[in-house]
Amino acid sequence: MDEARNIKSILYPLARDVRNLHTFVANINNILQAEPERFALAAPPGLASLRNTLRSLTKSIKAMQEVNDIAIEESAVAEKLAARSMTLVLRPAAHLHDTVRALKQPLDRAFNLVARLNGYLNPLFVFTVSTAPVVDLMARDLEVLEQRLSGLKRSVARLSDQELISGLPQPIEDQLGVYGPRFKVMEKETADVANQMALLMGKMNHLVEISARLEPLMRMAVALNSAIDQLVPSMVLLKKLGKALANVQTRYEQEGSLTSKVDEALAELDLPMDALIQLEYQLQQEVDSYIDPILEPLQELTAHIKGTMPNTHELNGLESTLLAQHNRFNVVLKMSHVLFDNFDHLLQEYRLMSHVA
């Protein structure tokens, strides 16, 4: 009988199909979750990375908006106080107020563009969140399956050699005859799941094109993170200015005098004479360096994504296909556990009958 050689002939295509399936699942996992690689320009980031990027962009632009809005409020108060006092520190307040009001428009536009882009991509991000854990679980299970299948191939190869040389005990041959058809079923099912996952990977190539097109967002997010770091001095200055102006208004209301109280309040907080000029320069520099350059690219990306995004029906179809293949693979996985455990038991029996294995 040649039952061991028959199983050996099944295990090699099975191992190939498992390896192919692992490759397809890994590629889909990269589409969903690949981390950006700085020096791999041809490798688009995963959709999950883009989702985090848009969150970071939104957070950074919102922070810049808040700083600018506070500057608008504080400079308006400073402008009113400057009109009633001779304090040098407050003299640039009117110019600062005009500047930060002008900066509000590009900041609002950038925020709105990112919000629109996030809105267009939201169905894709929902798809990513729901499917990524499934793909990740399949990848881990396939890695374990490959390792165990590799060990099984070696054991079956030894049994096949022994079968060819001197034969195997009849009880072992009988058990192998039972396992052979089961491995054949497992091989056919695995091959079909691999083919379906290959087709699914092909359908998801459109998502790769989208993530590749959105790769500039990664650089925008890094730049705006740096901008927020550079805004820290401006935030500190605004807090000092707000505290100083609050002190001035409180003392003015209590004592009915303004001329000396402004100087006293600002002097206590150690504000430089050109504090408002520094603040204006810093905010203008942030918008010129980090906001204005991204407005047109953001506009183009938003328009492109609006026209190329897969509709909800397509995404639902991809998700349904993935879940169906995952369920089929779970059946294969359960089948493999039973077969591998039974085969381990068979090998133990064979060792008791022979010292060859």
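The values are calculated or read from the model by the stated rules, or taken from the named source; none is laboratory data. Everything quoted here is computed from the prediction, not taken from an experiment. Glycine also receives a Cβ, built like all others from the backbone with ideal geometry; neighbour counts cover every protein chain displayed. To get the accessible areas, we keep the full protein, side chains included, count just its heavy atoms, and leave off ligands, DNA and RNA. Shrake-Rupley method; radii C 1.70, N 1.55, O 1.52, S 1.80 Å.
Of note:
- With every protein chain in place, the chain: carbon and sulfur % of accessible area (1.4 Å): 54 percent
- Part-to-part distance (alpha-carbon centres) for the stretch 161-176 and the stretch 1-65, which is given in Å: 42 Å
- With both labels modelled 7 Å from their Cα along Cα-to-Cβ, the Thr308 to Ala76 distance reads 4.3 nm.
- Residues in the stretch 94-137 that a label on Arg219 would reach, taking backbone N under 17 Å of a point 7 Å out along Cα→Cβ: none
- Summed side-chain charge close to Ala157 - residues other than Ala157 whose Cβ falls under 12 Å, Lys, Arg +1, Asp, Glu -1: +3
- Unsatisfied cross-links (Cα-Cα over 22 Å) in the set Lys80/Lys240; Lys153/Lys203; Lys80/Lys243; Lys59/Lys80: Lys153/Lys203; Lys59/Lys80
- For the chain, calculated [θ]222 nm from helices alone, where every DSSP H run of n ≥ 4 adds -39500 (n - 2.57): -31000 deg cm²/dmol
- Residues of the stretch 1-19 with amide N under 20 Å of the 7 Å Cα→Cβ point at Leu137: none
- Think of the chain as a dipole: +1 on every Lys or Arg Cβ, -1 on every Asp or Glu Cβ, centred on the Cα centre; then among Phe183, Ser336, Ala71, Phe183 lies furthest on the positive end.
- Prolate/oblate/rounded call for the stretch 103-192, Cα gyration tensor, a/c under 1.5 rounded: prolate
- 0 to 90° range, to nearest 10: angle between helix 93-165 axis and the chain longest Cα axis: 10 degrees
- Legend: calculated FRET efficiency, Leu333 to Ala212, from the Cβ-Cβ distance at R0 = 41 Å, rounded to 0.05, equals 0.80.
- Nitroxide proxy distance, nm - points 7 Å out along Cα→Cβ at Ala324 and Val178: 3.5 nm
- Rounded to 10°, Cα long-axis angle of helix 216-255 versus longest principal axis of the chain: 30 degrees
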